[in-house]
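Colleague: Take this structure first; my questions come after.
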Amino acid sequence: MRRLLPRSPLSKTILLTQLASIAAGTVVMIAFRGQIPTLALWVIVPILGAGWGVTLTGWRVAVRGEEHTASLARNVAEERELTATLEHAVSNRTRELEDAQRVLKRMWQLGQQVALELNPQRVLERFLETVTDIARADGAAVGLLTEDGKLRIAAATGAASGIVGMSVPS
């Protein structure tokens, strides 16, 4: 719904003063119309009409200006919110990419170590270290199935390092 009066107290005061002045002038002119010479009426009536026109146009311009200002303020607020949302999304994506880069780097290092390592036990240990880092786990273990059907812990790292060599029934 359109506002009829400007929001600003100063704009309201100016507008109402203009309206009151023009209304008073119109009332005075009507009251004394018989006493005012015809030539003077030809000058006064257009001046009063112009006063009414300028006042009402100024009124409309003031209200529209305030509506436009309010619209711009809403747009700025929406753009700030959108900017914050985008910055948050970029920050999240950057963290994801950094994590993916860390994983790829560890995988590449593991591939290099496996290619150069001749000791199978060291290959298992390097594999567990990499998996623990990638999974951000406290520890990891690899069990190998023995001929008697038991699971023997062949290698472990981190919190699981104390169970190396233990056998578990499968």
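The values are calculated or read from the model by the stated rules, or taken from the named source; none is laboratory data. Since this is a predicted model, take the numbers as computed values, not measurements. Virtual Cβ from ideal backbone geometry, glycine too; neighbours counted across all protein chains shown. Each accessible area value is taken on the protein alone, full model and side chains, heavy atoms only, with ligands, DNA and RNA left out. Shrake-Rupley method; radii C 1.70, N 1.55, O 1.52, S 1.80 Å.
Colleague: Would you please list the contacts, defined by Cβ atoms under 8 Å and residues six or more apart or on different chains, that run from a residue in the range 17-36 that is part of a loop (DSSP other than H, G, I, E, B) to a residue that is of a type in the set (Val, Ile, Thr)?
Modeller: Partner pairs satisfying both residue conditions: Ile36/Ile44.
Colleague: Consider Ala50 against the criteria (1) under 30 Å from Ala160 (Cα atoms); (2) modelled with pLDDT under 90; (3) open to solvent by 50 Å² or more (accessible area, probe 1.4 Å): it satisfies all of them except one. Which criterion is unmet?
Modeller: (1)
Colleague: Suppose we filter Glu66, Glu81, Glu98, Glu87 for residues that are open to solvent by less than 60 Å² (accessible area, probe 1.4 Å) and either at negative phi or in contact with a Cys (Cβ under 6 Å, 6 or more places away or on another chain) (or both); which single one remains?
Modeller: Going through Glu66, Glu81, Glu98, Glu87 in turn, just one is open to solvent by less than 60 Å² (accessible area, probe 1.4 Å) and either at negative phi or in contact with a Cys (Cβ under 6 Å, 6 or more places away or on another chain) (or both): Glu66.
Colleague: On to the next question. Which residue pairs have Cβ atoms under 6 Å apart, sit 6 or more places apart or on different chains, and have a first residue in the range 56-71 that is assigned to a helix (DSSP H, G or I) and a second that is surrounded by 13 or more Cβ atoms within 10 Å (Cβ to Cβ) and among the charged types (D, E, K, R)?
Modeller: Short answer, once both residue conditions are applied: Glu66/Arg7.
Colleague: Moving to a separate point now. Say we look at the range 135-170 and pick out the residues that are part of a loop (DSSP other than H, G, I, E, B) and among the hydroxyl-bearing types (Ser, Thr, Tyr); which of these is surrounded by the fewest Cβ atoms within 10 Å (Cβ to Cβ)?
Modeller: Within the range 135-170, the match that is surrounded by the fewest Cβ atoms within 10 Å (Cβ to Cβ) is Ser170.
Colleague: Do we find that Gly149 is modelled with pLDDT of 90 or more and over 39 Å from the mean Cα position of the chain (by Cα) in this structure?
Modeller: no
Colleague: Here's something else I'd like to know. Given the criteria closer than 16 Å to Ser161 by Cβ and of a type in the set (Lys, Arg), does Arg136 qualify?
Modeller: no
Colleague: For Gln112, indicate whether it is within 30 Å of Thr132 (Cβ to Cβ) and modelled with pLDDT of 90 or more.
Modeller: Considered against the rule, which asks whether it is within 30 Å of Thr132 (Cβ to Cβ) and modelled with pLDDT of 90 or more, Gln112 comes out as no.
Colleague: Right, something else. Taking Ala135 as meeting all but one of (1) in contact with a Lys or Arg (Cβ under 8 Å, 6 or more places away or on another chain); (2) closer than 20 Å to Val114 by Cβ, write down the number of the exception.
Modeller: Single failed check for Ala135: (1).
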